[in-house]
1. Which number in (1) over 30 Å from B:Trp183 (Cα atoms); (2) modelled with pLDDT of 90 or more; (3) touching a helix residue (DSSP H, G or I) at 6+ places or on another chain (Cβ under 8 Å) marks the one condition that B:Ser6 misses?
2. Being crowded, with 16+ Cβ neighbours inside 10 Å and at pLDDT 85 or above is the filter here; which residues of region B:91-103 pass it?
3. Going by the conditions given, is B:Asp22 at the interface with chain A (Cβ under 10 Å from one of its Cβ atoms), more than 30 Å from B:Ser128 (Cα to Cα) and more than 46 Å from the chain's Cα centre (by Cα)?
4. Looking only at helices (runs of 4 or more DSSP H) that fall completely inside region A:6-111, which ones have 2 or more residues that are of a type in the set (Lys, Arg) and within 24 Å of B:Ala35 (Cα to Cα)?
5. Quickly run through region A:49-66 and pick out the residues that are within 16 Å of B:Tyr66 (Cα to Cα) and either of a type outside the set (Asp, Glu) or under 12 Å from the mean Cα position of the chain (by Cα) (or both).
6. I'd like the full set of residues that are loosely packed, with under 11 Cβ neighbours inside 10 Å, at the interface with another protein chain (Cβ under 10 Å from one of its Cβ atoms) and β-branched (Val, Ile, Thr), limited to region A:52-111.
7. Can you pull out the residues in region B:104-131 that are part of a helix (DSSP H, G or I) and either in contact with a Pro (Cβ under 6 Å, 6 or more places away or on another chain) or surrounded by 13 or more Cβ atoms within 10 Å (Cβ to Cβ) (or both)?
8. All but one of (1) more than 8 Å from every other protein chain (Cβ to nearest Cβ); (2) surrounded by fewer than 19 Cβ atoms within 10 Å (Cβ to Cβ); (3) over 30 Å from B:Glu139 (Cβ atoms) hold for B:Val52; which doesn't?
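The values are calculated or read from the model by the stated rules, or taken from the named source; none is laboratory data. A quick note: this is a predicted structure, and the numbers were derived from the prediction, not measured. Methodologically, a virtual Cβ is constructed for each residue, glycine included, from the backbone with ideal geometry; neighbour enumeration extends over all protein chains shown.
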Amino acid sequence: MERDVHEKLQLEIRRGAIVLAVLGQLRKEHYGYSLRRALAEHGIHVEEGTLYPLVRRLETQGLLTSEWREDAKRKKRFYALSALGQETLSKLTEEWLQLNHCIESLLKENV
Amino acid sequence: MLWIKSYLSEVGRYLPPSQREDILTELETSLSEQAQDLANGQAPTDKQQQQVIDRMGHPMKVASGYDKPRYLIGPELFPTYLQVLKIAFVVVALIQCAIQLSFFVLTGWSTSFFGLFKGLLDTLLWASVVVTIIFFTAEYFGERLNFYDSWRASSLKPHRTSSAISYSDMITNLVSEGVFLLWWNSALSVQNWIPGADGVLTVALSDTWAPLFWPLNLLFGAWFLLHAGVFIRGLWHNATLWLEIGLGLAGLAIAAWLLLQPPLLQISGALSEHATIHLERIVFTVIVVVAGFIAWDVYVAAKRLRGGRYAEDSAIALP
């Protein structure tokens, strides 16, 4: 029960953070698997079942552009930030940093 | 990569046709590259392919990730759906009772308790189906409720104390009051409840009850309307609590008066004196039990007014 609650809360915290991480990582072009690896290198492990649909949603929202290309004899879909995506990322980054600062000071205060 | 291909065709079964090819090509690239990473660039074995597939999960779960979240009735519409359902239930119950009474007045036709119960259940079922279809359609077409945004604090009516109702109590009250009103006005027949008694035994209320025809109609009608209103609002307020206490005290006074006016039944037919006394005692006990329930309701309402034990977990005391 306690574990369930912890997992649910952890999932809630991660949900928003993953969007920001994906947008941040897609300042550079990536295809699905390379994006996942790049995130994992930064310590952010995202299941494919979560990551790929998320990337598609972000594209539908106009935050990403995509292009099918052949690479290493495979057909791959490359994603990158659109102009709207860049604008959104900078706004979200600002908000993230501000929030992070507030949460940090709040948590330290209560220790 | 036979395992990966089989897996992808399974995933494809659950994907929307318009995106199927696109998604499967993307997944194939990813799974193949992962399997190759496991095999250090060599042709992956069956086991390595299975490992990658296991990490990915059930085909239906993977496919569902690409679908937008779907609800029959989503979290935004759901509270309003419940509220409308409650109102529909009360309105339908009122209409049903009114129809039953009108039928009796106009044609003299009365129904049995089970007839009433079945009729009410059917109507409530239809009401809930209609309300559910309306809200499902609204959800499907993405309709949103504007009144959430236009709501202002000024629309509140401040009360000193308000406390949440107990739905089970309220439904019990509404059902018993509705049934009593129908029975009291002879729109609900209970004669068939005594098996084999037709023509042999007649049990009726004595003349003691005659002066109570209108007082009991008014009392139970007021109770029914009060409880229906509170049921829809979902809250007790000062005014409704005072009304509940007032009606309760009136009910207790009537019960006390009845208990002091025997006989309560008029029995004719082949029944021994002992059995007659026994039946009279049963009715007496029933009235005492009903009075007990009424007294309990009055006590709870008074406690709620004072913000006592029965209001503690549900009351919002306002300054």
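1. In the conditions (1) over 30 Å from B:Trp183 (Cα atoms); (2) modelled with pLDDT of 90 or more; (3) touching a helix residue (DSSP H, G or I) at 6+ places or on another chain (Cβ under 8 Å), B:Ser6 misses (3) alone.
2. Step one: list which residues in region B:91-103 are crowded, with 16+ Cβ neighbours inside 10 Å, which gives B:92-93, B:96-97, B:100-101.
The one that is crowded, with 16+ Cβ neighbours inside 10 Å and at pLDDT 85 or above: B:Val92.
3. Values: at the interface with chain A (Cβ under 10 Å from one of its Cβ atoms): yes; more than 30 Å from B:Ser128 (Cα to Cα): yes; more than 46 Å from the chain's Cα centre (by Cα): yes.
Answer is yes for this residue.
4. A:32-41
5. A:Gly49, A:Thr50, A:Leu51, A:Tyr52, A:Pro53, A:Leu54, A:Val55, A:Arg56, A:Arg57, A:Leu58, A:Thr60, A:Gln61
6. Answer for region A:52-111, where residues must be loosely packed, with under 11 Cβ neighbours inside 10 Å, at the interface with another protein chain (Cβ under 10 Å from one of its Cβ atoms) and β-branched (Val, Ile, Thr): just A:Thr60.
7. Hits for region B:104-131 are B:Phe104, B:Phe113, B:Gly115, B:Leu116, B:Phe117, B:Gly119, B:Leu120, B:Thr123, B:Leu124, B:Ala127, B:Ser128, B:Val131.
8. So the condition that B:Val52 fails would be (2).
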